[in-house]
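Colleague: Sharing a structure with you now.
Laboratory data are not the source of any read-out in this text; all were calculated from the coordinates shown. Source: prediction; values computed, not measured. Positions of Cβ are backbone-derived with ideal geometry, glycine not excepted, and every protein chain shown enters the neighbour counts.
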Amino acid sequence: DECGGELYKRKDDRIDVIKNRLDVYHNETEPLLNFYKEKSILYTVDAEKPKKEVFNKIVEIINQVFHK
């Protein structure tokens, strides 16, 4: 610790909790990506873009979906 403050770990920083979280993702969440992709209803947005650009992209997708 370089700042001299007290170092502490949260309960969800433990390795077993992290491994479990990754297992749940790989077993339950990740398969949904292919499910929605196969139905052509998976939309992705690059969230690393500026906030305004991300917002505009989301609005664009919503408009496409609801105005088909």
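Colleague: Straight-line reach from Lys49: which lysines have Cα under 29 Å away, leaving out those fewer than 8 places along the same chain?
Modeller: Reachable lysines: Lys37, Lys39, Lys57, Lys68.
Colleague: In addition: Which of Asn27, Asn63, Tyr43 sits closest to the plus end of the dipole of the chain, meaning its Cα is farthest towards the positive end, when Lys and Arg get +1 and Asp and Glu get -1 on the C-beta?
Modeller: Asn63
Colleague: For the chain, just list the percent of Cα-Cα distances falling in each 5 Å bin from zero outward, please.
Modeller: Bins of 5 Å from zero give 3, 12, 11, 12, 14, 14, 13, 9, 6, 4, 1, 0 percent of pairs.
Colleague: Moving on. Dipole of region 1-59, Cα-centred, from +1 at each Lys and Arg C-beta and -1 at each Asp and Glu C-beta, to the nearest 20 debye? Spell out each step's value before the answer.
Modeller: Working: 12 positive and 13 negative charges, 69 e Å.
Dipole about the Cα centre, nearest 20: 340 debye.
Colleague: List the lysines whose alpha-carbon lies under 16 Å from that of Lys52, not counting same-chain residues fewer than 8 positions away?
Modeller: Cross-link targets: none qualify.
Colleague: Same structure, new question: As a test of the formula, what do you get for the chain when each DSSP H run with n ≥ 4 contributes -39,500 (n - 2.57) and the sum is divided by the residue count, at 222 nm and rounded to the nearest 500 deg cm²/dmol? Please list the in-between numbers first.
Modeller: Numbers: 3 runs with 35 residues, N = 68.
The per-residue figure over the chain is -16000 deg cm²/dmol.
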